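All remarks here apply to the structure that follows.
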Protein chains: 2
Amino acid sequence: MSDATKARKAALRKKLIELAEAQIAAEGLSSLRARGLAKEAGCAVGAIYTHFTDLDALVLEVNGRTFRRLGSSVAASVAAAADQPPRDRLIAMSHAYLHFAAEHAFLWRALFDVEMSADGPVPQWYLDALGGLFSYIAAPLAELFPDMPEHELDLLTRALFSSVHGIVLLGLEKRISGVPLAQIEQMIAQVLSRVQ
Amino acid sequence: MSDATKARKAALRKKLIELAEAQIAAEGLSSLRARGLAKEAGCAVGAIYTHFTDLDALVLEVNGRTFRRLGSSVAASVAAAADQPPRDRLIAMSHAYLHFAAEHAFLWRALFDVEMSADGPVPQWYLDALGGLFSYIAAPLAELFPDMPEHELDLLTRALFSSVHGIVLLGLEKRISGVPLAQIEQMIAQVLSRVQ
């Protein structure tokens, strides 16, 4: 393959990921279609499948980008709250999670929705990204509960991540619970500040 | 309309709801198609729309049935734990919620997934059913926190329902967190027993 062909292929691959990301961000994962994507990219539908096994594989690339942005956003909140007591840091990072989810609602949902429908193994980078989010929570929890056995701390980390995720998910689902962002923030703080 | 026609129409409506329920239970909400449903019911596709505005309206009927079964299941756990302290009752009903979700995974997910895609107003029975679930949680919480202002109690009720929902959702999502049921039970108990 000539360098020019390689560069053209790499450019199309990048373009497809960016177009898929824009489509998911605008109208959600379920609106993504190979035909529409090919049309926008100016390529044949078949060309998509020379770059990705299937649409799920393309969505996983988009999710990788989303996860990195989510990670940066949570990391920034952790850094900004570095001087605060562990409980306040937990609340600050959870609020950052909420705000990311609210601002990038469809991209954030795609992180979780694609996993349900796909059948293959979870890519390592996905598990690493999730592990990274868990470790932000585990650090302040270990300060709050210095005597807690590691196994229990792991479980509590997952449980609290899932709790915050549930509050964000149902909170943003306006038709079900219909609460403003400030109230979702309050619910998160209420649960996290009461865990003893 | 003759009585025979009325009875035939009512029978078809019931049959469509039952077939849709079986399809969602077996393969999930996203597998539901008007064409497949009509074929199974032995009617024209158009006949479906004389009974329901659209497929979402049919799914809402299925969800109504699911919500009633979920409600009965949680109510039974509350009744069985009536003599126990409030915190144990909270844990018992949350475990009942988990087991219902695990046994009827696709039907349970449809309760939440259809809401995202639909645009109309939420039916009153849906809000009532959700309110019913909330009231099971609010009662033991009011015993645990007798001095908590009502507004805060409402918020904590929603926050804890969402927390349990999040733990169940991500816990059952095997590809993401991959934990056995007993461990999901533990996570629920861990959070609920630590809320002070």
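Within the stretch B:139-192, the residues that satisfy the criterion of being of a type in the set (Gly, Ala, Ser) and either more than 10 Å from chain A (Cβ to nearest Cβ) or under 20 Å from the mean Cα position of the chain (by Cα) (or both) are B:ALA139, B:ALA142, B:ALA159, B:SER162, B:SER163, B:GLY166, B:GLY171, B:ALA182.
A residue that is more than 18 Å from the chain's Cα centre (by Cα) and away from chain B (no Cβ under 14 Å) occurs nowhere in the stretch A:93-110. Here A:ALA182 meets each of (1) free of Cβ contacts under 8 Å to residues at least 60 places away in the same chain; (2) touching a helix residue (DSSP H, G or I) at 6+ places or on another chain (Cβ under 7 Å); (3) among the small types (Gly, Ala, Ser) with one exception, condition (2). Residues in the stretch B:22-34 that are in a helix (DSSP H, G or I), more than 11 Å from B:HIS104 (Cα to Cα) and open to solvent by less than 50 Å² (accessible area, probe 1.4 Å): B:GLN23, B:LEU29, B:SER31, B:ALA34. With respect to the conditions (1) part of a helix (DSSP H, G or I); (2) open to solvent by less than 30 Å² (accessible area, probe 1.4 Å), B:VAL179 lacks only one, and its number is (1).
Filtering the stretch B:1-21 to residues that are surrounded by 15 or more Cβ atoms within 10 Å (Cβ to Cβ) and more than 20 Å from B:HIS104 (Cβ to Cβ) leaves B:LEU12, B:ARG13, B:LYS15. Residues in the stretch A:92-150 that are modelled with pLDDT under 90, under 18 Å from A:THR66 (Cβ atoms) and open to solvent by 60 Å² or more (accessible area, probe 1.4 Å): A:MET116, A:SER117, A:GLN124, A:TRP125, A:LEU127, A:ASP128. Here is the figure for the stretch A:30-43: residues that are among the aliphatic types (A, V, I, L, M) and more than 12 Å from A:LEU16 (Cα to Cα) total 0.
The values are calculated or read from the model by the stated rules, or taken from the named source; none is laboratory data. Bear in mind the structure is a predicted one, so any value in this text is a computation, not a measurement. Positions of Cβ are backbone-derived with ideal geometry, glycine not excepted, and every protein chain shown enters the neighbour counts. SASA here: full protein model, heavy atoms, side chains in, ligands and nucleic acids out. Shrake-Rupley method; radii C 1.70, N 1.55, O 1.52, S 1.80 Å.
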